[in-house]
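Peer 1: Questions regarding the structure given below will be posed in turn.
Computed from the coordinates by the stated procedures, all read-outs in this text should not be read as laboratory data. From a predicted model like this one, the values you see are computed outputs, not experimental measurements. Using ideal geometry, Cβ is built from the backbone for each residue, glycine included, and neighbour counts are taken over all protein chains shown.
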Amino acid sequence: MPSSSFGASLATPKLNVAIDTGNPFLNVTVDGFLKIGTVAAAKSLAEDAYYVVKGGNFSGRKIEHSLKKMCKEGAYWGTVAGMYVGMEYGMERIRGTHDWKNAMLGGALTGALISAASNKSKDNVVIDAIAGGAIATASTFLNYLI
């Protein structure tokens, strides 16, 4: 009986933008800010586009609101990501090794700093530091598995 097969591969397009500040720490921080900030802005745009299509109304005021929201979300999440990758890189340089502990410490410091900057209580700062460290560590372990 005749048979046929189909072979294909799916590759994700990659766009690498390199910004050289002359300092490796700043390079990874800016890279994290730009990558995650762009993702957050795109997420915000997609959400607003959904609501415009669902509601059926499109106005200049909605566009202005959407752009402001995109900038706010992009800046917030870009800052968080930039801080995290900067902290992780700093831990790697200080400790002289590349392992999961750098992610844990970087995540904990980032969680604590973001929480403290938001004027939260001391208990919330500690809880956010624990959450940041746990999320970063779990992400690193998952990357090792995949």
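Peer 1: If I go through the range 86-116 residue by residue, how many of them are part of a helix (DSSP H, G or I), of a type in the set (Ser, Thr, Tyr) and within 21 Å of Val28 (Cβ to Cβ)?
Peer 2: 2
Peer 1: Ok, one more. Here are Asn143, Asn119: which of them is more than 20 Å from Leu26 (Cβ to Cβ) and part of a loop (DSSP other than H, G, I, E, B)?
Peer 2: Among Asn143, Asn119, only Asn119 is more than 20 Å from Leu26 (Cβ to Cβ) and part of a loop (DSSP other than H, G, I, E, B).
Peer 1: Let me ask another. Are there any pairs, at least 6 apart or on different chains, whose C-beta atoms fall under 9 Å, with the first in the range 129-142 and closer than 11 Å to Gly106 by Cβ and the second among the basic types (Lys, Arg), and if so, which?
Peer 2: Sorted first by the residue in the range 129-142, then by its partner, the pairs are Thr137/Lys101.
Peer 1: Which condition breaks for Val80 when tested against (1) surrounded by 18 or more Cβ atoms within 10 Å (Cβ to Cβ); (2) more than 27 Å from Asn16 (Cα to Cα); (3) of a type in the set (Val, Ile, Thr)?
Peer 2: (2)
Peer 1: Looking at the range 95-126 only, could you name the residues that are buried (at least 18 other Cβ atoms within 10 Å of the Cβ) and of a type in the set (Gly, Ala, Ser)?
Peer 2: Ala103, Gly106, Gly107, Ala108, Gly111, Ala112, Ser115
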